Amino acid sequence: MFPLFESICIEDYKLKKLELHQKRMDNSYLKYFKTKNKWSIKKIFHSLKIQSNHKYKLKINYSDIEYEIRLEKYSKNKIKSLKCVELNNYSYDLKYTDRSVINRNFKLKSFCDDILIIKNGLVTDSSYCNIVFFDGLRWVTPKQPLLKGVQRNFLLTKKKIFEKKIYVNQISKYKSFVLINSMIEFNITDAINTNKIILPI
């Protein structure tokens, strides 16, 4: 019923990175429905009753006919380890509500907290986040992620991170990594040693 969705962070009664989210929603709508987007995130936000200045996750599931919203207080999952999982023929270029393939492969994480998806030998994303690696001098993110997240695009524009093709056999050359998405901002104090990534055998 709702093939696409958008997740936006609300904090201190404000939408974060609204323009970037609206742009992605507009582009996704056009690509999927072949017409101009009719939904305004700003208008949807103004229809809500935010009860406090807590951090909220606003999820908008939408079609070309209607949308539904879910608003919930956000609590960050503690991700400390990743297991590499190969998904060579999988594409997730838009924020599809159907995440069945990712969810099914998430079960392969074993004792780790999350998976790191490898596509044709290249590092892409975790199940919900873009990943950024530290090489000792700068922070780099995979050039070919499954999904080009809003937080990732923002950091690239600000030149706080840089794109690079990262092969799975190069992971050990990096010192640490952080995970980012629309709810999780880039914070180097959250960096995790790359030895917490379980590589393919």
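Things to note:
- Test: residue in region 97-105 that is touching a residue at least 40 places away in the same chain (Cβ under 8 Å), part of a helix (DSSP H, G or I) and not polar (S, T, N, Q): no
- Filtered residues of region 153-177 (kept if on the phi < 0 side of the Ramachandran plot and assigned to a loop (DSSP other than H, G, I, E, B)): Lys158, Lys160, Ile161, Lys165, Ile166, Tyr174, Lys175
- Whichever residue in region 119-146 is β-branched (Val, Ile, Thr) and buried (at least 20 other Cβ atoms within 10 Å of the Cβ) and, among such residues, is farthest from Lys76 (Cα to Cα): Val123
- Among the residues of region 16-38, those that are touching a residue at least 12 places away in the same chain (Cβ under 8 Å) and open to solvent by 30 Å² or more (accessible area, probe 1.4 Å) comprise Lys16, Lys17, Leu18, Leu20, Gln22, Arg24, Lys31, Tyr32, Phe33, Thr35, Lys38.
- Residues being in contact (Cβ under 8 Å) with a residue 24 or more places away in the chain, assigned to a loop (DSSP other than H, G, I, E, B) and either within 14 Å of the chain's Cα centre (by Cα) or surrounded by fewer than 15 Cβ atoms within 10 Å (Cβ to Cβ) (or both) - total across region 178-198: 6
- Single residue of region 162-177 satisfying the filter (open to solvent by less than 20 Å² (accessible area, probe 1.4 Å) and within 23 Å of Ser91 (Cβ to Cβ)) that is farthest from the chain's Cα centre (by Cα): Ile171
- Selection over region 37-71 of residues that are under 19 Å from Phe2 (Cα atoms), of a type in the set (A, V, I, L, M, F, W, C) and either assigned to a loop (DSSP other than H, G, I, E, B) or in contact with a Ser or Thr (Cβ under 6 Å, 6 or more places away or on another chain) (or both) gives a count of 2.
- Residue in region 83-99 that is modelled with pLDDT under 95 and either on the phi > 0 side of the Ramachandran plot or in contact with an Asp or Glu (Cβ under 6 Å, 6 or more places away or on another chain) (or both) present: no
- The criterion of being more than 20 Å from Tyr92 (Cβ to Cβ), free of Cβ contacts under 8 Å to residues at least 60 places away in the same chain, surrounded by 17 or more Cβ atoms within 10 Å (Cβ to Cβ) and in contact with a strand residue (DSSP E or B) (Cβ under 9 Å, 6 or more places away or on another chain) holds for Ile41.
- Flag for Tyr67 being closer than 27 Å to Leu48 by Cβ, free of Cβ contacts under 8 Å to residues at least 60 places away in the same chain and either buried (at least 19 other Cβ atoms within 10 Å of the Cβ) or hydroxyl-bearing (Ser, Thr, Tyr) (or both): no
The values are calculated or read from the model by the stated rules, or taken from the named source; none is laboratory data. Please read all numbers here as calculations on a predicted model, not as lab measurements. Glycine also receives a Cβ, built like all others from the backbone with ideal geometry; neighbour counts cover every protein chain displayed. Just the protein is used for accessible areas: all its heavy atoms, side chains included, with ligands, DNA and RNA removed. Shrake-Rupley method; radii C 1.70, N 1.55, O 1.52, S 1.80 Å.
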